[in-house]
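What follows is one structure encoded as C-alpha cells, with my remarks underneath.
The values are calculated or read from the model by the stated rules, or taken from the named source; none is laboratory data. Quick caveat, the model's predicted, so the values are computed rather than measured. When we count neighbours, we look across all protein chains shown, and the Cβ atoms used for this are built from the backbone with ideal geometry, even at glycine.
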Amino acid sequence: MKAGFVSILGRPNAGKSTLLNALVGTKVSIVSQRAQTTRDAIQGVLTEARGQIVFIDSPGMHRPTQELGKRMAQEIERAAAGSHLALLLIDASVPPADADRQAAETAGALRMPVFALLNKIDKVADKTRLLPLIERLREIHDFAEFVPISARKRMQLDTLLELIFARLPQSPGYFPDDYITDQPQRFLASELIRERILRETHDEVPHSVAVIIEDWTENASRLRLSAAVIVEREGQKAILIGKKGAKLKDLGRKARESLEARFGCAVFLELFVKVRPNWRNNREFVRGLDFRRLPGVL
C-alpha cells in the first residue's frame with residue numbers, strides 16, 4: 001500500500017477545487033467562476049485498494065495586498081509544507097501570461113517532484129496548441145510529468161492517479177478509510193452558503209463576503225442553522241437582501257438545497273446580512289475565519 005500528501009497549486013481559476021472534488025469523488029471544496037474563491041488549504045482524501053492520497057487544495061497564487069490575501073498566501077505555504085508531490089495546474093484554454101510563469105517558478109522552487117497539469121483541454125480543439133505551452137514550461141523547470149487533463153470532464157484523471165501513486169512512498173494510510181476531509185461540518189456549511197452567494201450575485205458583490213455559522217442544532221433527521229453573511233458596505237447588504245427581502249429569500253432557498261444535498265438531511269436555514277467595514281484588512285477578524293480556530297477543532 002502507498003500513501004502520501006499531494007498539494008494542488010495554481011493561479012486563481014485554474015480549476016484546483018474542481019480537480020480536488022473530481023479526484024476525491026465528492027464535493028469538499030466550493031467552486032465558482034470568481035477568482036480567489038478558495039481561501040483555505042483544504043484536505044480531500046482518496047482511499048482505494050492501492051493506497052491513500054491526501055490532496056490539499058490551496059488558494060490561487062497571487063500577490064496579496066490585504067490581510068485576507070496575506071492569510072491566503074500563508075495557506076498556500078501550508079498546502080505545500082510536508083507534501084510528497086505537488087500538482088501545478090495551468091489553464092491551457094487561454095493564452096499563457098506572466099502570472100503563469102511566476103506560478104511555475106514558484107512551484108519549481110519546491111523541494112519535491114512537481115507535475116505540470118494542463119487543465120481544461122476539453123476547451124482546446126487543436127491539441128497541438130499544447131506543445132508550445134509544454135516547451136515554455138520545460139524552459140522554466142524540469143517538471144516530473146506533463147499531464148493534459150480536464151478536471152471538469154474527468155479526462156485523463158485515471159492516468160494522473162497512476163502517475164501519482166507511482167511517486168508515493170510505501171506506507172499505511174494516514175486516515176481511516178471513510179475519512180474524506182479535514183473541514184468541520186460548520187465550516188463546510190458556511191462555504192456552501194458562500195458558494196451560492198458568489199454564483200447568484202455574479203459581479204454585484206465582490207469577494208468582500210464572508211459567512212459565519214452563528215447557531216447549529218442537529219438531530220438524526222434535521223439540521224437547523226443560522227448564518228451571518230458579512231459584507232463591507234451598506235450597498236452590498238442592500239443587494240443581498242433585495243426588494244422586500246426577495247433576493248435573500250432566494251439565496252436562502254438555494255443554499256438550503258445545497259446543504260441538504262451535501263449533508264443528506266432536511267435543513268432549516270436562517271440568513272442574516274451584517275455590515276463590517278473593511279473586514280478584509282482586519283487581521284483579527286480574518287484570523288477568526290480560519291476553520292482550525294473553531295471551537296473543538298485542533
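Listed here are the residues, each with its yes/no results for (1) assigned by TED's automatic domain parsing to the domain that holds V54; (2) surrounded by fewer than 19 Cβ atoms within 10 Å (Cβ to Cβ); (3) under 23 Å from V286 (Cβ atoms).
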position: R196; (1), (2), (3): no, no, yes
position: V205; (1), (2), (3): no, no, yes
position: V209; (1), (2), (3): no, no, yes
position: D215; (1), (2), (3): no, yes, yes
position: E232; (1), (2), (3): no, no, yes
position: A238; (1), (2), (3): no, yes, no
position: G242; (1), (2), (3): no, yes, no
position: K249; (1), (2), (3): no, yes, no
position: R262; (1), (2), (3): no, yes, no
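Being touching a residue at least 40 places away in the same chain (Cβ under 8 Å), touching a Ser or Thr at 6+ places or on another chain (Cβ under 7 Å) and either of a type outside the set (G, A, S) or farther than 28 Å from V54 by Cβ (or both) narrows it down to one of R152, R136, so name that one. Full working, then the answer.
Values: R136 fails: touching a Ser or Thr at 6+ places or on another chain (Cβ under 7 Å).
Among R152, R136, only R152 is touching a residue at least 40 places away in the same chain (Cβ under 8 Å), touching a Ser or Thr at 6+ places or on another chain (Cβ under 7 Å) and either of a type outside the set (G, A, S) or farther than 28 Å from V54 by Cβ (or both).
Which of the residues spanning the stretch 184-214 are part of a strand (DSSP E or B) and more than 18 Å from V275 (Cβ to Cβ)? Walk me through how you get there before you give the answer.
Pass one, the stretch 184-214, residues part of a strand (DSSP E or B): 210-214.
The one that is part of a strand (DSSP E or B) and more than 18 Å from V275 (Cβ to Cβ): I213.
Considering only the stretch 7-15, I want to know if a residue exists there that is touching an Asp or Glu at 6+ places or on another chain (Cβ under 6 Å), at pLDDT below 75 and either under 26 Å from A109 (Cα atoms) or in a loop (DSSP other than H, G, I, E, B) (or both).
Kept after step one, since they are touching an Asp or Glu at 6+ places or on another chain (Cβ under 6 Å), are these residues of the stretch 7-15: 8, 14.
Now restrict to residues that are at pLDDT below 75: none.
No.
All but one of (1) closer than 21 Å to V31 by Cβ; (2) assigned by TED's automatic domain parsing to the domain that holds N21; (3) in a loop (DSSP other than H, G, I, E, B) hold for I180; which doesn't?
That leaves (2) as the condition not met.
List the helices (runs of 4 or more DSSP H) that sit entirely inside the stretch 215-298 and contain at least 1 residues that are of a type outside the set (D, E, K, R), under 21 Å from the mean Cα position of the chain (by Cα) and closer than 20 Å to Q185 by Cβ.
Working: elements: 234-241, 246-263, 283-288.
Correct list: 246-263, 283-288.
Output yes when any residue across the stretch 172-194 is surrounded by fewer than 19 Cβ atoms within 10 Å (Cβ to Cβ), closer than 23 Å to L271 by Cα and not basic (K, R), and no when none is.
Yes, because at least one residue in the stretch 172-194 is surrounded by fewer than 19 Cβ atoms within 10 Å (Cβ to Cβ), closer than 23 Å to L271 by Cα and not basic (K, R).
Within the stretch 21-38, does at least one residue satisfy the condition of being under 20 Å from T159 (Cα atoms), at pLDDT 90 or above and in contact with a Phe, Trp or Tyr (Cβ under 8 Å, 6 or more places away or on another chain)?
Yes.
If you go through the stretch 91-108 one residue at a time, do you hit one that is charged (D, E, K, R), surrounded by 16 or more Cβ atoms within 10 Å (Cβ to Cβ) and not in a helix (DSSP H, G or I)? Let's see the steps before the verdict.
Within the stretch 91-108, the subset charged (D, E, K, R) is 91, 98, 100-101, 105.
With the extra rule that they be surrounded by 16 or more Cβ atoms within 10 Å (Cβ to Cβ), the set shrinks to 91, 100.
Adding the requirement that they be not in a helix (DSSP H, G or I) leaves 91.
Scanning the stretch 91-108 turns up at least one residue that is charged (D, E, K, R), surrounded by 16 or more Cβ atoms within 10 Å (Cβ to Cβ) and not in a helix (DSSP H, G or I).
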